[in-house]
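Structure first, commentary second.
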Amino acid sequence: MTTNCFRSGAPARRRFLQLGAAGLAALSPAAQALFRLNNACLNPQETPALALEKAAWQGIDPADWWDCHTHIVGSGDGGSGITQTPEMHQPLRHPIQTLQHWAYANAACIPDNNQDQAFVERLRALMDTMPKGAKAMLYAFDRTHGANGDPDHANTAFFVPNEYAQRLAKAYPDRFEWVASIHPYRADCVEALQHAAANGARAVKWLPPVMGIDPASPQCDRFYRAAAALNIPIITHGGEENALHGADQPLFGNPLRLRRALEAGVRVVIAHCATLGHDIDEDGREVRSFDLFAKLMADKQWQGRLFGDISAIVLRNRDPEVVKTLLVETGWHDRLLYGSDYPLTGILPLISVPAFAEAGLLPETAVEPLQSLQDYHPFRFDFVLKRSLSWQGKRFADRIFATRPFFAAGKATAA
């Protein structure tokens, strides 16, 4: 999950955001819709049928379509065990986090109360209008931990228990898979990983800058050995992260720090292909994080181990040139995996369909149908948008969207 659309700047802008976060909820639905701020949460059963969507499914078996980047949202009010930092509810003291929380909740169509239940009901309604066999991979999200392996509650922005993600996948196996989240500094990290894999976890999710995980630390070695033995992939953020506050360790997002996992034999999926931000290269230069992702992808020794997911690459804060590179680097397509980063795909201001047309990545005739699709169904919108992108005659290959074989390759079986 990543976006920098709500970052603070100078004091005047910070004050503006304080006022904006405090007053945003007071806007009428009509005013919010005017600025495409408010997700109208239209009935997904009434999603318009589009020729673009029919074309998007050509060459793809829906049973192989697993959205590998789907976040769970909630508050713990339904017994989920989810926790949120209080800073998400303090608009005057913490305007950015408050605004972010409002945006995520609005995108997921959940009210101020009964959030756990409302999220699941909305997610099920969305997935039930997908072709039979299509699934969403639901992310747990572990707490921040300190170097001593103990939980760091003060710097934990958001927590989704593994048990809850597992429970949802077990309750709705026709639509959900689940992804564990296990901090590698935990004393019980290996046992937790083995338990998760034995109970159907398809991968492990990390957000190193937020969780306080240094992927290059020797503290991760025992976890890497266990993940390699189980053949369970780690989906880990690469590049700049701004969607959640926590440990505030931006250096931990450097893609090069993942070499230690690769050397240990772990299959690593770099979320978003590190398409946002800058990091330090080996020679001390600051370069685009995406360039470091490309550097790792070019290293032949990591073929079969290093992958990227294409979630969030269509957000406004991505350079269209990066999207063009992903399209034309067809040699990477065997190593790219489809993901959406839901519910970010439901935050209307974060994605500009007209901007893709202006950049030559999308025909003008696709703009209006795609915007209509976004109003009804963020999953189908994200999928059809990415299937419609093209540059120099190149599109994302069909196999990118057939993710099930990759995630079904682990050695453990569901209990």
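The values are calculated or read from the model by the stated rules, or taken from the named source; none is laboratory data. These numbers were taken from a predicted model, which means no experiment stands behind them. Note that we place each Cβ from the backbone using ideal geometry, even for glycine, and neighbour counts take in every protein chain shown. These area figures cover heavy atoms from the full protein model, side chains too; ligands, DNA and RNA do not enter into them. Shrake-Rupley method; radii C 1.70, N 1.55, O 1.52, S 1.80 Å.
What the table below lists for this structure:
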quantity	calculated
Extreme residue, nearest to G79 (Cα to Cα), among residues of the range 153-206 that are in contact (Cβ under 8 Å) with a residue 40 or more places away in the chain and assigned to a helix (DSSP H, G or I)	Y164
Test: residue in the range 219-242 that is farther than 23 Å from L326 by Cβ and at pLDDT below 95	no
Qualifying residue in the range 364-378 (condition: closer than 22 Å to I270 by Cα and touching a residue at least 60 places away in the same chain (Cβ under 8 Å))	no
Lone unmet requirement of (1) closer than 30 Å to L337 by Cα; (2) of a type in the set (S, T, N, Q); (3) modelled with pLDDT of 55 or more for N4	(3)
Any hit, the range 358-374, residues being at pLDDT below 95, small (G, A, S) and surrounded by fewer than 19 Cβ atoms within 10 Å (Cβ to Cβ)	yes
From the options P343, P349, residue that is within 20 Å of L315 (Cβ to Cβ), surrounded by fewer than 16 Cβ atoms within 10 Å (Cβ to Cβ) and not aromatic (F, W, Y)	P349
All positions within the range 386-403 that are crowded, with 21+ Cβ neighbours inside 10 Å and of a type in the set (K, R)	K386, R387
Filter pass, W332 being touching a residue at least 24 places away in the same chain (Cβ under 8 Å), open to solvent by 30 Å² or more (accessible area, probe 1.4 Å) and among the aromatic types (F, W, Y)	no
Checklist (1) closer than 30 Å to L168 by Cα; (2) open to solvent by 40 Å² or more (accessible area, probe 1.4 Å); (3) not in a loop (DSSP other than H, G, I, E, B) applied to F383, failing item	(2)
Condition check for Y139: at pLDDT 95 or above, aromatic (F, W, Y), open to solvent by 10 Å² or more (accessible area, probe 1.4 Å) and closer than 25 Å to R267 by Cβ	no
Extreme residue, surrounded by the fewest Cβ atoms within 10 Å (Cβ to Cβ), among residues of the range 49-83 that are touching a helix residue (DSSP H, G or I) at 6+ places or on another chain (Cβ under 6 Å), within 21 Å of A125 (Cβ to Cβ) and of a type outside the set (A, V, I, L, M, F, W, C)	D77
Which listed residue, of T345, T325, is among the β-branched types (V, I, T), under 21 Å from the mean Cα position of the chain (by Cα), over 25 Å from H71 (Cβ atoms) and not in a loop (DSSP other than H, G, I, E, B)	T325
Boolean, I232 is in a loop (DSSP other than H, G, I, E, B) and either on the phi < 0 side of the Ramachandran plot or surrounded by 20 or more Cβ atoms within 10 Å (Cβ to Cβ) (or both)	yes
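Listed here are the residues, each with its yes/no results for (1) touching a residue at least 12 places away in the same chain (Cβ under 8 Å); (2) in a helix (DSSP H, G or I).
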{"position": "L251", "(1), (2)": "yes, yes"}
{"position": "L258", "(1), (2)": "yes, yes"}
{"position": "G265", "(1), (2)": "yes, no"}
{"position": "G284", "(1), (2)": "no, no"}
{"position": "F290", "(1), (2)": "yes, yes"}
